[in-house]
Amino acid sequence: MLLILGMPVSSVFAQDLASEVAELRSLLTQVQTDYDARISDLENRLATAERQSRRAQRDAEEAVELAEQTAIDQSSGSSSPNTFNPAIGAVLVGGYADVDRSWDQVPGFQPAGEIGTGEDGFSIGEAEINLKANVDAKYYGNLTVGIGDEDGSVEVGLEEAWLQTTDLPMGLSVFGGRLFSAAGYLNGFHFHADDFADRPLPYQAFFGGRYSVDGIQARWVAPTSLLVEVGGEINWGGGFPATSNAHNSPGAWTLFTNLGGDIGNSHSWQFGVSWIRADAIDRAAEEDPEAFTGNSDLAVVDFVWKWAPDRNPIRQHFKLQGEYFSRSETGLYAGLPYDGDQDGWYLQGVWQFAPMWRVGLRHDVVDADNGPLLAGTGLADPGRSSSRDSLMIDWSPSEFSRLRMQYTNDKVLPQSDNQLYLQYIMSIGAHGAHQF
Amino acid sequence: MVGSMLRVLTLIIGLVVTSTASALNVFVCQPEWDSLLQELAGDKVESTVATTAFQDPHRLQARPSLIAAVRQADLIVCTGADMEIGWLPLLLRRAGNAKVQDGNPGNFVAANYVRRVEIPVTIDRAQGDVHPQGNPHIHLNPRNIERVADALAERLINIDPSNSAEYQSRLDDFQRRWSDATEDWEERAIPLEGMRLAAHHRSFSYLAEWLDLDIVATLEPKPGIPASAAQLATILEQLTPNPPAGVIRTPYENEKPSHWLSARIDIAEIVLPFTIGGTPGSVDLFSLYDETIRMLEEHNR
């Protein structure tokens with residue numbers, strides 16, 4: 001009976017127990033999930049707090065450093081009289097030349113400037129000092145002085161002294177003072193930026209190395225995606241091929257235009273045409289005292305093409321440039337009627353084949369057709385063209401130093417000459433920008 | 001005859017004026033600032049970018065096309081801190097554009113708005129191509145982007161007030177997204193803290209500072225000057241007992257020194273995108289940071 005009775009009682013009891021256990025279990029699970037959630041919430045909060053504290057700490061450190069830097073900037077900047085000093089740079093150029101047959105005049109061309117092979121042996125060349133800065137909100141100024149040694153006496157030359165407007169509208173700018181003419185591609189560069197130890201023959205024969213303008217230049221850049229630049233110059237100074245004409249009227253006028261752009265992702269180019277009209281009165285030189293009076297018309301066509309893979313010139317790049325000069329002069333030379341036509345050109349390629357290393361090859365040639373009348377004078381028709389072939393290699397461990405070796409087969413004189421040039425070019429001071 | 005010529009002239013002038021008036025013309029020196037500009041100005045600007053991720057922004061040829069681009073710019077956006085000193089001054093001289101000359105509202109210099117690191121105590125070229133104003137590669141710290149964004153938006157408003165509401169709302173939106181993204185990156189990058197790396201050049205100093213990476217060696221001990229064989233040997237000797245996780249460089253830097261090092265001590269060569277376009281996936285500032293952190297995570301151990 002008990003057994004019979006006990007069965008349902010115990011089963012009821014067992015049922016109660018089971019439900020209680022289940023309840024307990026669910027309660028426990030709930031507590032556990034609750035606890036888990038709370039723990040993970042706490043962990044999250046801790047992580048956030050850590051992140052925030054890290055950031056706050058960093059902010060605080062930054063704030064302190066910023067405050068310090070500001071304080072330093074202000075204290076070091078305000079009282080110094082040097083604050084407004086212009087950018088100052090100097091370039092040291094020199095080297096060694098092995099020349100057997102030197103020349104300082106190209107046959108058939110009136111000599112000008114310091115041209116030619118230079119002297120055999122070591123020479124310190126010319127040191128150049130450059131100062132540049134904004135004058136104020138309207139002008140930018142540039143001064144370049146060359147210091148050289150001429151037979152034991154120091155010679156100081158004024159290479160550049162110009163102002164440029166910086167606030168004219170519509171793409172206009174005006175230069176005034178002594179400046180490198182915009183005629184020709186290479187003319188705008190300082191000698192130390194050349195890729196060879198000397199200027200190509202057309203520059204030596206037609207410009208005496210470089211054509212400088214004492215006067216005014218105006219230029220305009222068109223609002224186009226292709227570079228279109230046109231300009232003009234009036235030269236009152238006596239820069240060859242002009243003469244100063246007692247400063248009454250300009251000695252020469254220039255018109256120039258440059259076009260340029262990119263092709264694809266690795267090529268860019270520039271093309272220029274310029275024309276110089278010079279009126280010369282008694283133009284003569286130390287080496288050739290006979291004087292020329294008359295008109296000189298010179299046309300220059302130039303191009304440069306540059307290749308740099310992905311426009312990254314550091315590993316390797318290539319530059320091909322060439323210029324063609326054609327001049328016509330009419331007037332009186334040494335009292336004789338003179339109507340001469342001269343032309344010349346050069347083509348050069350320079351390849352940077354590895355970082356710091358470049359090789360270059362150049363051919364340059366000039367030719368004068370001065371007619372039979374001037375036989376026996378300084379402009380006697382040479383009856384042949386003057387030319388050279390040059391090979392150079394240079395090494396530039398940084399942007400500021402360069403060592404160069406150049407071999408030239410020189411056929412300017414009737415007898416050819418093999419020449420060797422070793423050259424150093426070092427820049428100190430302000431970082432100059434590089435022209436295209 | 002004269003009348004028809006005048007009509008043609010007014011037509012041309014009209015074309016020129018409308019084409020320039022429709023959008024602000026911006027010349028941008030580096031792709032990272034172009035991406036920021038797109039965020040802040042969208043179609044209110046038309047931009048020309050001077051460099052790609054495959055060019056060293058220090059050394060650029062002042063190409064004629066860049067002169068033409070500066071000529072037409074209402075605003076130039078560049079890094080500054082002497083990064084562009086070898087080419088930008090020349091473009092500014094040649095372009096004859098008064099608006100974008102130094103000190104004018106059209107001349108925006110990003111580095112002026114951030115705290116720069118590695119400001120040299122002595123300034124001497126014997127130390128390499130040193131930057132007196134500090135390391136100019138400022139864009140790989142999100143704080144710097146945040147600050148430059150504020151300043152750039154302010155400048156856009158100053159130059160083009162008619163669209164100021166748009167610039168302001170775009171700035172607010174960008175800063176919100178940027179600060180969220182920054183938080184995510186910082187969280188993701190917690191395991192990267194203290195990651196040891198060698199670097200080709202000091203191009204990643206701001207990234208390292210932000211993520212607490214440990215740049216244990218630079219393969220260009222003097223900036224801009226390739227290391228000598230002796231210097232590389234010293235670096236190798238120093239790294240051999242405890243090699244770093246990898247050697248990082250930008251897409252434009254010479255691969256040879258990192259090739260050499262990675263072959264000697266068997267570490268990964270990691271070409272980080274560095275800027276927009278440096279890897280196919282780095283299409284804007286956000287993906288640039290994503291990719292950079294992802295690539296570091298891949299090589300972290």
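The values are calculated or read from the model by the stated rules, or taken from the named source; none is laboratory data. Keep in mind that this is a model prediction, so the values were computed, not measured. Note that we place each Cβ from the backbone using ideal geometry, even for glycine, and neighbour counts take in every protein chain shown.
Looking only at the range A:400-436, residues that are surrounded by fewer than 18 Cβ atoms within 10 Å (Cβ to Cβ), in contact (Cβ under 8 Å) with a residue 24 or more places away in the chain and part of a strand (DSSP E or B) come to 9 in all. Exactly one residue out of B:282, B:287 is away from chain A (no Cβ under 14 Å), of a type in the set (S, T, N, Q), within 26 Å of residue B:35 (Cβ to Cβ) and surrounded by fewer than 18 Cβ atoms within 10 Å (Cβ to Cβ): that is B:287.
Could you say whether any residue in the range B:152-167 is closer than 30 Å to residue B:296 by Cβ and surrounded by fewer than 18 Cβ atoms within 10 Å (Cβ to Cβ)? Scanning the range B:152-167 turns up no residue that is closer than 30 Å to residue B:296 by Cβ and surrounded by fewer than 18 Cβ atoms within 10 Å (Cβ to Cβ).
Scanning for something away from chain B (no Cβ under 14 Å), touching a residue at least 60 places away in the same chain (Cβ under 8 Å) and either more than 30 Å from residue B:107 (Cα to Cα) or not in a loop (DSSP other than H, G, I, E, B) (or both), does the range A:127-142 turn up at least one residue? The answer is yes, given that some residue of the range A:127-142 is away from chain B (no Cβ under 14 Å), touching a residue at least 60 places away in the same chain (Cβ under 8 Å) and either more than 30 Å from residue B:107 (Cα to Cα) or not in a loop (DSSP other than H, G, I, E, B) (or both).
Of all residue pairs spaced 6 or more apart or on separate chains, those with beta-carbon atoms under 7 Å, a first member in the range B:275-301 that is touching a residue at least 12 places away in the same chain (Cβ under 8 Å) and a second member that is of a type in the set (Lys, Arg) are B:293/B:188. When the residues of the range A:143-184 are filtered to those that are among the polar types (S, T, N, Q) and away from chain B (no Cβ under 14 Å), which remaining residue is farthest from residue B:94 (Cα to Cα)? Residue satisfying both the conditions and the ranking: A:153.
Of all the residues in the range A:187-200, those that are aliphatic (A, V, I, L, M) and either within 19 Å of residue A:218 (Cα to Cα) or in contact with a Gly (Cβ under 6 Å, 6 or more places away or on another chain) (or both) number 0. Could you tell me which residue of the range A:258-287 is nearest to the other protein chains (Cβ to nearest Cβ), considering only residues that are of a type in the set (D, E, K, R) and buried (at least 19 other Cβ atoms within 10 Å of the Cβ)? Here the residue is A:262.
For the residues A:37, A:71, A:18, A:22, the requirement of being modelled with pLDDT under 85 and assigned to a helix (DSSP H, G or I) singles out A:71.
Restricting A:365, A:350 to residues that are assigned to a strand (DSSP E or B) and within 20 Å of residue A:306 (Cα to Cα) narrows the list to A:350. When A:283, A:311 are checked against the criterion of being at negative phi and either assigned by TED's automatic domain parsing to the domain that holds residue A:359 or in contact (Cβ under 8 Å) with a residue 12 or more places away in the chain (or both), A:283 stands alone in meeting it.
Going by the structure shown, is residue B:140 under 21 Å from residue A:87 (Cα atoms), touching a residue at least 12 places away in the same chain (Cβ under 8 Å), assigned by TED's automatic domain parsing to the domain that holds residue B:59 and among the aliphatic types (A, V, I, L, M)? In short, no.
Considering the conditions (1) within 14 Å of chain B (Cβ to nearest Cβ); (2) aromatic (Phe, Trp, Tyr); (3) over 27 Å from the mean Cα position of the chain (by Cα), residue A:333 is excluded by exactly one of them, (1).
For the range B:58-80, residues that are at pLDDT below 90 and more than 7 Å from chain A (Cβ to nearest Cβ) total 2. The condition of being touching a residue at least 40 places away in the same chain (Cβ under 8 Å), in contact with a strand residue (DSSP E or B) (Cβ under 9 Å, 6 or more places away or on another chain), in a helix (DSSP H, G or I) and among the polar types (S, T, N, Q) does not hold for residue B:158. Within the range B:81-121, restricting attention to residues that are under 14 Å from the mean Cα position of the chain (by Cα) and among the acidic types (Asp, Glu), the residue that is nearest to the other protein chains (Cβ to nearest Cβ) is B:82. A single member of B:167, B:206, B:252 is under 24 Å from the mean Cα position of the chain (by Cα) and away from chain A (no Cβ under 14 Å), and it is B:167.
Among the residues of the range A:302-328, the ones that are in contact with a Phe, Trp or Tyr (Cβ under 7 Å, 6 or more places away or on another chain) and more than 9 Å from every other protein chain (Cβ to nearest Cβ) come to 14 in all. Here the condition is being assigned to a strand (DSSP E or B) and under 16 Å from residue A:237 (Cα atoms); of A:145, A:213, it holds for A:213 alone.
For residue B:159, state whether it is among the β-branched types (Val, Ile, Thr) and either away from chain A (no Cβ under 11 Å) or within 18 Å of residue B:37 (Cα to Cα) (or both). Yes: the conditions hold for residue B:159.
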